[in-house]
Amino acid sequence: MLRKVRSLGLQGITGYEVTAECDLAGGLPNFDIVGLGDTAVKEARERVRSAIKNSGFLFPVGRITVNLAPANLRKSGTVYDLPILVGILLAGAQITWDDPDCAFVGELSLSGNLRPVAGMLPMALAAREAGIRRLYVPADSAPEATLAEGLTVYPVETVRQLADHLAGVNPILPAQPWSGSDVSLSLPDFSEVRGQEQVKRVLEIAAAGGHNLAMVGPPGSGKSMLARRLPSILPPMTRREALESTQVHSILGLTTKEQPLLMSRPFRSPHHSISVVGMSGGGTPYPKPGEISLAHHGVLFLDEMPEFHKDVLEVLRQPIEEGTITLVRSAASETYPCDFMLVCAMNPCKCGWYGHPSGRCRCSAGDVKKYLGKLSGPLLDRIDLYAEVPPLDFEKLADRSPGESSETIRDRVLRARAIQIARFGPDGPACNAAMDQASLRRHCALDEAGKAVMKGAYEHMGLTARSYDRILRVARTIADLDGETNIGSHHLAEAIQYRESDYFQK
């Protein structure tokens, strides 16, 4: 007897419908799973066999063939355990059920309990698009599945519980939609920062416009501390942004039943020993997302930037411009989102004390040039704002009065973002940093005084066309923070001031 059970699979960060076709026939005992499955899919035979027996059912004696359709798409992971088991029990008439609008997803333990699976959110979204109305998932994955909305999600603990539900005995109550309204997020606050008012201003501009930022200064001046407080002044993610970011974390198994949805913008800070694959994504045979994709709609913080391998830094160039990265391998080609803010921190030299008033630096001019030479011009050209973080004097360090809070700064950032949303509309760029050429011409027009300022900067600073556009975007953000409709000369002058650190001119 042949029975078909609807299920779901993953391709990149998107889900798609899979049908588990289970056929029982006479002959010598055999259990085959076909349909381009990986090792984990093949091993489902033993998990399903033991789960059926340990749940009080009889494992069929005969030839069992399971086809995971469409057979031309690769299948991976343990999500097909449950639909295979249900198909076998249906084909053997050990359970009765007929509901074409439901699907099953889940990993089985040998005892018949269900374990959570990675990638539940993209699969649930795909189920909704495929017209599936009821979704049976492991209980620990149910909160994440409810984020898709429009689905009735049943949290299943055991195979026996599911069988009783399908038979109309002891029905499983649908999972309630997950709500994170009661979850409080604690982020480091800017009120704890002593001094560094100029750097705080640069961080505020970066947050208001979504601009890339580099901070240069000696050790202990507060670069990392300031960077880690940036998420506290960023605007909250929209529902769409939260779902997009969560999908990337979900397929890597980084979500939990307590926190299935990202409630704040990601902040990723990889160690400088990271590889190219770790940063951009990849792996064999099927590529996985890297750190730049995990930072989607958030912040990618590179501490001690010149210490990263040169090829790791250079791989950032295209994703910074396009917001996506395509990974091509022999077995598959996947495109992952990576729209992030790049925040970098670096010392001015190898020892870190170049230009410090104490004069403790022992690096020669050649050593400094070699150290900063690890950063290529094209990469530096993609950074919008440069901030020098000077060492604190004793008076500011000893002052224990609280500084301006993150909440106060965030209010100004939100007002500037509201102006941008009203300017670009729901289908336009998300922030000033994402403006295309048409938006630049429309919203960054300069008067004669502004053109004179930009001409002087272009000629004396050796700007490129890219850096010229980035200055306009930063100036537009500064004008938004001031609540002004037009970009003035003073906005341009401040944007040009942040264009490049003096350290790179030495």
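No value in this document is a laboratory result; all are computed from the given coordinates. This structure is a prediction, so every number in the text was calculated from the model and none was measured. As a convention, Cβ positions derive from the backbone with ideal geometry for all residues, glycine included, and neighbour counts pool all protein chains shown.
Taking 4.7 Å between beta carbons as the limit, the unpaired Cys residues of the chain are 22, 102, 338, 344, 351, 361, 431, 444. Let me know the longest stretch in the chain that avoids all GluC sites (Glu not before Pro) found in a DSSP loop with at most 16 other C-beta atoms within 10 Å. The answer is 44-148. Once the chain from residue 172 to residue 326 is taken as fully extended at 0.36 nm per residue, the excess over their C-alpha distance is 51.3 nm. Taking label positions 7 Å along the Cα-Cβ direction at both residue 130 and residue 1, the computed distance is 2.3 nm, reported to one decimal.
Under the simplified labelling scheme, the residue 194-residue 396 pair shows an inter-label distance of 1.1 nm, with each label point 7 Å from Cα along Cα→Cβ. When the trypsin sites (Lys or Arg not before Pro) in the range 328-364 are filtered for DSSP coil states and for at most 14 other beta-carbon atoms within 10 Å of their beta-carbon, the remaining sites are 329, 360, 362. The distance separating the Cα centre of the range 248-299 from that of the range 331-371 comes to 23 Å. Less than 5 angstrom separates the built amide H of residue 324 from those of 338, all sequence-distant by 5 or more or on a different chain.
Placing dummy labels 7 Å off each Cα toward the beta-carbon, the span from residue 490 to residue 263 is 4.1 nm. Under a 5 Å amide H to amide H cut-off, with H placed in plane at 1.01 Å, what residues pair with residue 63 once short-range neighbours are removed? When sequence neighbours closer than 5 places are left aside, the close amide H contacts are 25, 26, 27, 30.
Set the Förster distance to 51 Å, then compute FRET efficiency between residue 99 and residue 314 from the Cβ-Cβ distance, nearest 0.05. Before the final figure, lay out each step's value.
Details: r = 53 Å, r/R0 = 1.03.
With a Förster radius of 51 Å, E is 0.45.
Backbone geometry of the range 45-62 corresponds, through the Karplus equation with coefficients 6.51, -1.76 and 1.60 at θ = phi - 60°, to 3J(HN,Hα) couplings of 4, 6, 5, 5, 4, 5, 5, 4, 5, 6, 9, x, 9, 9, 7, x, 9, x Hz, x marking Gly and Pro. How many angstrom separate the Cα center of the range 160-218 from the Cα center of the range 29-107? Computed from Cα coordinates, the inter-centre distance equals 37 Å. Across the range 164-260, the convex hull enclosing all Cα atoms gives 165 Å³ per residue.
Each 10 Å bin from zero holds the following percent of Cα-Cα pairs in the range 210-350: 12, 41, 35, 12, 1. Magnitude of the charge dipole for the chain, about its Cα centre and with charges confined to Cβ atoms of Lys, Arg (+1) and Asp, Glu (-1), is about 740 debye. To the nearest whole percent, what portion of all C-alpha pairs in the range 328-385 is separated by more than 13 angstrom? Roughly 73 percent, rounded to a whole number. Amide hydrogen proximity for residue 388: with H placed 1.01 Å from N in the peptide plane, the residues at 5 or more positions away or on another chain lying under 5 Å are 216.
What is the gain in length, in nm to one decimal, between residue 458 and residue 427 on full extension, counting 0.36 nm per residue of separation less the C-alpha to C-alpha distance? Could you put the intermediate results ahead of the total?
Details: separation 31, 0.36 × 31 = 11.16 nm, distance 3.23 nm.
Answer, rounded to one decimal: 7.9 nm.
So how strong a dipole does the range 89-215 carry about its Cα centre when Lys and Arg Cβ are +1 and Asp and Glu Cβ are -1, to the nearest 20 debye? If you can, show how the numbers build up before the last one.
Working: 8 positive and 15 negative charges, 34 e Å.
That gives a dipole near 160 debye.
Using the rule -39500 (n - 2.57) for each DSSP H run of four or more residues, divided by the residues of the chain, the 222 nm mean residue ellipticity is -10000 deg cm²/dmol.
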